[in-house]
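These notes concern the structure reproduced below.
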Amino acid sequence: MQVRRSIVHFLKKLSPVQILLMYYFVTVIISTLFLSLPVAYKDGVEVPFIDSAFTAVSALSVTGLSTISIADTLSTTGIVILMIILQLGAVGIMAISTFVYLILGKKIGLKERRLIMTDQNQSSFEGMVRLIEQIILLLLTIEFIGFLVLGTYYLQYFPTAKEAYFNGLFSTVSAISNGGFDLTGSSLAPFKDDYFVQFVIMLLIIFGAIGFPVLIELKNFIFTKKSERKLFRFSLFTKLTSITFFALILIGAIMIYILDSMSFFADKNWHESIFYALFQSTTTRSAGLSTMDVSQLTEPNHLFMSFLMFIGASPSSAGGGIRTTTFALVIIFIITYARGGRSMRLFNREIYESDLLKAVTVMFLALAFVFISTLVMMVLEPFSMMDILFDVTSAFGTVGLSLGITSELTMTSKIILMFLMFVGRVGVITFLFIFRKERSEANFHYPKEKIIIG
């Protein structure tokens, strides 16, 4: 009884962000233990504990970086465990917990709603439970359709229906969660000439990375009566997110092609080039699946893809990185300031200064994390700066692409990547709020004084 009181007292002293991160930490430990069980691996396969932990963090943060070959190492049971962890990472620990509470008929209290709000990066308590219901149901619906489509299509690739649908299920979960794991041992390279598989996978990646609020608004628009659609108004978040998201995919595909037009794409025909470039651009949003060996691309392309991975997916999605809205706000702010503007206006709306401060803070801290991590790993590892930077941005953006050095890293470097995957998934602001203390605003101000800048 005394121990229970001590635990309750300890939890009461923690902020919602600290409790949420503690939940994630506990989930990482449990996931690692499950992936350390002998039944999770094929007969005769032994995996060091650090690699089991790395795989668990990579799955929970839906990254896909791996120090082991999933196809050659995990058993069917291990693959199922991996899929469950990917699902937890895709929608968030609190979303799954809330859904279980709803199924059991339990009441969602104020404390739980605060945790949901933090986990889903929302700014209001209003509609939290309804939001989780819609996210879970929408995700399960898309996954079921993807499973049926890919599973049925895979019948031509696998000898039995069981294998076809199992691979279809794993491909769907991996794509929509932006997890990036594969069962082929070479990602989607076996399907490099199958544009139907690539198209379906790209759709699933987009559904998982564009942000659940965007999908919910789109669903509401589709099911709105035609006579009332003219009155339907998409939120500023949805407009900004969608434009930035698809602009990054389009510009990314064009740049990936241009940067390697004289090398990798030199002997490719037009449709091969389009799908290679488009898929690589889409997967850098946070997915990590690939139809090619990215090490075949030139260093300028590796650097550009690192930039795309650093941005990552959209807020309230299955992806990581600084997020598309952060990037958009910082760019728009720079343009507005250069033109002499005093406030940021988009689609007849003004942006809150607090949102701009968050965006700048996230950008600066993310750059600091990436720079410091790259510097430390360069001291520890024998690999080139580009190889290390690519893995670092891939981890932070929870993407999962690699130039092939991940399995050869030292334990310290693996821990650094695990930290980056964790921060990239929960978000820089959420991570920063661990150290935040509740303070009342002072009822006085000091005199202001100008400082020379630039």
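The values are calculated or read from the model by the stated rules, or taken from the named source; none is laboratory data. Quantities reported herein were computed from a predicted structural model and do not represent experimental measurements. Heads up, the Cβs are rebuilt from the backbone with ideal geometry, glycines too, and the neighbour counts pull from every protein chain shown. The area values use the complete protein model at the heavy-atom level, side chains included, leaving out ligands, DNA and RNA. Shrake-Rupley method; radii C 1.70, N 1.55, O 1.52, S 1.80 Å.
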Would you please list the contacts, defined by Cβ atoms under 7 Å and residues six or more apart or on different chains, that run from a residue in region 329-347 that is modelled with pLDDT of 85 or more to a residue that is open to solvent by 40 Å² or more (accessible area, probe 1.4 Å)? Leu329/Asp355; Val330/Val360
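Go through region 34-51 and count every residue that is touching a helix residue (DSSP H, G or I) at 6+ places or on another chain (Cβ under 7 Å) and either part of a loop (DSSP other than H, G, I, E, B) or surrounded by 12 or more Cβ atoms within 10 Å (Cβ to Cβ) (or both).
The qualifying residues number 9.
Test of understanding: among Ser187, Ser174, which residue is at negative phi and modelled with pLDDT under 95?
After ruling out the rest, the residue left standing is Ser174.
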Scanning region 226-235 for residues that are basic (Lys, Arg) and assigned to a helix (DSSP H, G or I), which turns out surrounded by the fewest Cβ atoms within 10 Å (Cβ to Cβ)? Lys226
Out of everything in region 297-320 that is of a type outside the set (A, V, I, L, M) and under 17 Å from Thr406 (Cα atoms), what residue ends up being nearest to the chain's Cα centre (by Cα)? Ser306
Restricted to region 263-285, and to residues that are part of a loop (DSSP other than H, G, I, E, B) and of a type outside the set (Phe, Trp, Tyr), which residue is surrounded by the most Cβ atoms within 10 Å (Cβ to Cβ)? Thr284
For the condition over 22 Å from Leu403 (Cα atoms) and modelled with pLDDT of 90 or more, what is the one hit in Val45, Val57, Val80, Val3? Val80
Can you say whether Asp293 is free of Cβ contacts under 8 Å to residues at least 60 places away in the same chain, open to solvent by 40 Å² or more (accessible area, probe 1.4 Å) and either of a type in the set (Asp, Glu) or on the phi > 0 side of the Ramachandran plot (or both), as far as the supplied structure shows? no
Can you find, within region 350-377, the residue that is farthest from the chain's Cα centre (by Cα) among those that are modelled with pLDDT of 95 or more, among the β-branched types (Val, Ile, Thr) and open to solvent by 40 Å² or more (accessible area, probe 1.4 Å)? Val376
Search region 236-262 for residues that are outside any helix (DSSP H, G or I) and pair each with any residue that is of a type outside the set (D, E, K, R) and loosely packed, with under 14 Cβ neighbours inside 10 Å when their beta-carbon atoms are under 6 Å apart and the residues are at least 6 apart or on different chains. Asp260/Thr298
Residue under question is Thr412, and the condition is that it be more than 26 Å from Asp355 (Cβ to Cβ), at pLDDT 90 or above and surrounded by fewer than 17 Cβ atoms within 10 Å (Cβ to Cβ); does it hold? yes
Exactly one of Phe221, Phe196 is without any contact (Cβ under 8 Å) to a residue 24 or more places away in the chain and either open to solvent by less than 60 Å² (accessible area, probe 1.4 Å) or not in a loop (DSSP other than H, G, I, E, B) (or both), and that residue is Phe221
Take the conditions at pLDDT 90 or above, among the polar types (S, T, N, Q) and over 18 Å from Ser58 (Cα atoms) and apply them to Gln134. Does it pass? no
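Being touching a residue at least 60 places away in the same chain (Cβ under 8 Å) and not charged (D, E, K, R) is the filter here, so list the residues in region 356-387 that pass it.
Thr361, Val362, Leu365, Ala366, Val370, Met386 - these are the residues of region 356-387 that are touching a residue at least 60 places away in the same chain (Cβ under 8 Å) and not charged (D, E, K, R).
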